[in-house]
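Taking it in order: structure first as structure tokens, then the write-up.
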Ligand SMILES: Nc1ncnc2c1ncn2[C@@H]1O[C@H](COP(=O)(O)OP(=O)(O)OP(=O)(O)O)[C@@H](O)[C@H]1O
Ligand SMILES: [Mg+2]
């Protein structure tokens, strides 16, 4: 009985966490472009996939909280991050975290570059990687390698479209057997146009 209560308690706490996240996104964000703090959105996105990743892989975040703001919608950027994180978690399948080298199965989100105009964020995993002959195809709508009923094949095409809308883009570097790294390029928010 105590166990059941514990499970219910945990489930309700999880739901509460998700609701808090959703509400946080609700603040003034109807998808329009805004000045966005990357770290806030990264943390919220990781929280949304934490349950799915549990027992399958670790998720590391190496992103500073005081990065310059970027042009995006917080909801849209979170959708992109959640799509990428879910793809990585799913790529690990049901293998145990120990099966991926000394560091175990791992997803890392880090800042790759900050220059005058852009910030590049990466989401990388040490999963199976993507064979070269599929690397272009995976961005196409409806392309999936997942069993029927499990993937729509829309995740990457929607993510890529979303980033184009922000003036950025989504690229990939991967070798089969060596994991995959997706690069999210975002435009730095132009201070002068804050009031447009
Ligand atoms: N991190 C990754 N590691 C290995 N393969 C990947 C990774 N990310 C994407 N892929 C490959 O790219 C394909 C397309 O990904 P996409 O997110 O567009 O669709 P999906 O994940 O198959 O379906 P959905 O996103 O609707 O659940 C996947 O089916 C998978 O083969
Ligand atoms: Mg996907």
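The values are calculated or read from the model by the stated rules, or taken from the named source; none is laboratory data. Remember, predicted model here, so these are calculated numbers, not experimental data. Here the Cβ positions follow ideal geometry from the backbone for every residue, glycine too, while neighbour counts run over all protein chains shown.
For residue 169, which of the numbered conditions (1) surrounded by 12 or more Cβ atoms within 10 Å (Cβ to Cβ); (2) at pLDDT 95 or above; (3) over 28 Å from residue 74 (Cβ atoms) fails to hold? The number of the failed condition is (3). Return the residues of the stretch 150-171 that are within 16 Å of ligand 2 (Cβ to nearest atom), in contact with a strand residue (DSSP E or B) (Cβ under 9 Å, 6 or more places away or on another chain) and touching a residue at least 60 places away in the same chain (Cβ under 8 Å); say none if nothing qualifies. 156, 159, 162, 163, 170 - these are the residues of the stretch 150-171 that are within 16 Å of ligand 2 (Cβ to nearest atom), in contact with a strand residue (DSSP E or B) (Cβ under 9 Å, 6 or more places away or on another chain) and touching a residue at least 60 places away in the same chain (Cβ under 8 Å).
Name every residue in the stretch 31-90 that is under 29 Å from residue 177 (Cβ atoms) and assigned to a strand (DSSP E or B), in order of residue number. The answer is 58, 59, 60, 61, 62.
The single condition from (1) in a strand (DSSP E or B); (2) within 9 Å of ligand 1 (Cβ to nearest atom) that residue 157 fails is (1).
A residue that is more than 16 Å from ligand 1 (Cβ to nearest atom), closer than 23 Å to residue 160 by Cα, at pLDDT below 95 and surrounded by fewer than 22 Cβ atoms within 10 Å (Cβ to Cβ) occurs nowhere in the stretch 87-101. If you filter the stretch 137-149 down to residues that are outside any loop (DSSP other than H, G, I, E, B) and closer than 20 Å to residue 81 by Cβ, you find that the one that is nearest to ligand 2 (Cβ to nearest atom) is 138.
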